[in-house]
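Worksheet for the structure shown next.
The values are calculated or read from the model by the stated rules, or taken from the named source; none is laboratory data. Remember, predicted model here, so these are calculated numbers, not experimental data. Cβ sites come from the backbone with ideal geometry, for glycine too, and all protein chains shown count toward neighbours. Please note that ligands, DNA and RNA were not included when accessible areas were found on the heavy atoms of the full protein model with its side chains. Shrake-Rupley method; radii C 1.70, N 1.55, O 1.52, S 1.80 Å.
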Amino acid sequence: MTETQNKAANAMWGGRFSAGVDAIMEAINASIGFDQRMAQQDIAGSRAHAAMLAEAGIISDSDAEAIREGLLTVLSEIEGGTFQFSAALEDIHMNVEARLVELIGEPGKRLHTGRSRNDQVATDFRLWVRDQCDAAVPAIRAVQKALLSQAERGADWVMPGYTHLQVAQPVTWGHHMLAYVEMLGRDVSRFQDARARMNESPLGAAALAGTSFPIDREATAKALGFDRPMANSLDAVADRDFALEFLGAASICAMHLSRLAEELVIWSSAQFRFVTMSDTWSTGSSIMPQKKNPDAAELIRGKIGRILGANLGLLTVMKGLPLTYSKDMQEDKEGVFDAADTLMLALAAMAGMVETMSPNREKLAEAAGTGFSTATDLADWCVRVLNLPFRDAHHVTGALVALAEKTGRDLPELTLEEMRSVKPEITEDVFTVLSVDNSVASRTSYGGTAPANVRAQIARWKEALT
């Protein structure tokens, strides 16, 4: 640490310290390497605070105006890349304040009246996370729109629906795409809900107990777009549940992206060929010239590890802290920053992949008719037409599946006589329910895969996403 930096640091801390910090202590203590990305939020909070101090008569109007102009200069320097960040000044708050004092002198020293770095960082971080909630919504909407376009393209295309990755029942391509639209819609609501809950201002809670200055917390809350000030000063500086809730929503969203990415990896394989991924979102092999690897999907599939890791990391940091602030809480930001960046990248990549992928209708239809996928339709027919209890119908259908499997055929390929060998009451009408097209068309219950249902849901979502 240089002598100048030592003096600057001690000026920030006051007269308690006479010597500078050790170099290793400086390295572990400083957060400016990552929290400088909150510069815009820090300066916005300081401007609101200074304006309130003047309005309350705590500082003069002239000092407030000097602070306002000085902070705008600092912001311009940061945005222009000319600002010199110093690890000796620890964090974004002290870096900004030190430069402000350099620019405007004595008035800059009055800015910190009635606040602490504890409520300042809580405010900055809350503002930053709130911005990330806002940014996540249109990014998710872009993926939803890409999925919706694919759903509309193949609203009545048949494909296999799976349980345990085994063919279960036929569904439509549109229905499958809409499943992810619904999941992502709930992700949007989670970010919106989290934003609503975090939209309270910590500013004015000071170190932990509030302040004796006649500040107006309602004014600063309003200036920063918060709904209200936080009601308890201890809570205001001590908790990071807003960041945890953001990470929770991000983790769930990343999990949904990972599931879709896994399907794209499987579907684009030579064994499935359900979709062809665009060259734009694929890579080749350094040794095998035939390879076209779905690397973007695989990377998205893996991104949840970082996001979920950030969530678990912050929970671990916070879980044993007594009220109120402890320096452990400096570990709250890097994981959140990385998770936010990672999620936005994954969302952008997924939107691009889904928008440009080409589904193979013929392969989807071919696979939809395999694996006795209409067995449930046969059981339902036995219930409706033969008036069998479902468990008996299930048994009859299982016996017919075993017969077809033994002879290497599927259910529609059995003869009526063969079927009657298992259940004599079966009639020719049974074959009307054994085609995959008839199967999906019959699933008309609300939320079912029938093309008419799919088109209705597409219309609903197109209106919602407009």
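Just a few scattered comments:
- Here the 3J(HN,Hα) profile of region 249-260, calculated from phi with Karplus coefficients 6.51, -1.76 and 1.60 at θ = phi - 60°, is 5, 5, 5, 5, 4, 5, 5, 4, 4, 5, 5, 5 Hz, Gly and Pro shown as x.
- Charge dipole magnitude, Cβ of K and R +1, D and E -1 - the chain, Cα centre, debye nearest 20: 560 debye
- Sequence-distant lysines (8 or more away, or on other chains) whose Cα lies within less than 26 Å of Lys327: Lys7, Lys109, Lys319
- Formal net charge of residues neighbouring Val275 (Cβ-Cβ distance under 11 Å; K, R +1; D, E -1): +2
- Long-range tail of P(r) for region 158-212 (Cα pairs > 17 Å, %): 64 percent
- Of all aspartates and glutamates in the structure, the ones whose alpha carbon falls short of 20 Å from that of Lys406, not counting any fewer than 8 places away in one chain, are Glu417, Glu418.
- Across Arg443, Arg130, the residue with the most accessible area heads the list, and the full order at a 1.4 Å probe is Arg443, Arg130.
- Estimated from helices alone, the mean residue ellipticity of the chain at 222 nm is -20500 deg cm²/dmol (sum of -39500 (n - 2.57) over DSSP H runs with n ≥ 4, per residue).
- Amide hydrogen proximity for Val275: with H placed 1.01 Å from N in the peptide plane, the residues at 5 or more positions away or on another chain lying under 5 Å are Ser268, Asn360.
- Only protein atoms count toward the accessible area here, which uses a 1.4 Å probe; on region 118-366, the carbon and sulfur part of that area reaches 53 percent.
- When the Cα gyration tensor is reduced to axis lengths a ≥ b ≥ c, the ratio a/c is 1.5 or higher for region 275-411, and with a/b not above b/c it is classed as oblate.
- Solvent exposure of Glu417, expressed as accessible area, is near 130 Å², computed with a probe of 1.4 Å over the protein chains only.
- Degrees, to the nearest 10: 390-406 long Cα axis against longest axis of the chain: 70 degrees
- Against the chain, whose longest principal axis is taken from its Cα atoms, helix 117-153 shows a tilt of about 20°.
- Other residues with beta-carbon under 14 Å from the beta-carbon of Arg186 carry, at +1 per Lys or Arg and -1 per Asp or Glu, a net charge of 0.
- Under 12 Å, Cβ to Cβ, from Met94 - net charge with Lys/Arg +1 and Asp/Glu -1: -3
- Per-residue 3J(HN,Hα) values for region 196-212, derived from phi via the Karplus relation 6.51 cos²θ - 1.76 cosθ + 1.60 with θ = phi - 60°, read 4, 6, 7, 7, 10, 8, x, 4, x, 6, 6, 5, 5, 10, x, 9, 7 Hz in sequence order (x marks Gly and Pro).
- On Cα atoms only, tilt of 92-104 relative to the major axis of the chain in degrees: 40 degrees
- In order through region 304-312: 3J(HN,Hα) via Karplus (6.51 cos²θ - 1.76 cosθ + 1.60), integer Hz, x for Gly, Pro: 4, x, 6, 6, 5, x, 5, 4, 5
- Restriction of the trypsin sites (Lys or Arg not before Pro) in region 227-309 to DSSP coil positions whose beta-carbon has at most 11 other beta-carbons within 10 angstrom yields Lys291.
- Protein heavy-atom surface of region 371-434, 1.4 angstrom probe: 55% of the accessible area is carbon and sulfur, with nucleic acids and ligands not counted.
- Averaged per residue, the chain has 47 square angstrom of accessible surface, using a 1.4 angstrom probe with ligands and nucleic acids left out.
- Nearby lysines by direct alpha-carbon distance to Lys145 (threshold 22 angstrom, same-chain neighbours under 8 apart not counted): Lys303, Lys462
- For the chain: relative contact order, % (alpha-carbon pairs under 8 angstrom, 6 or more apart): 16 percent
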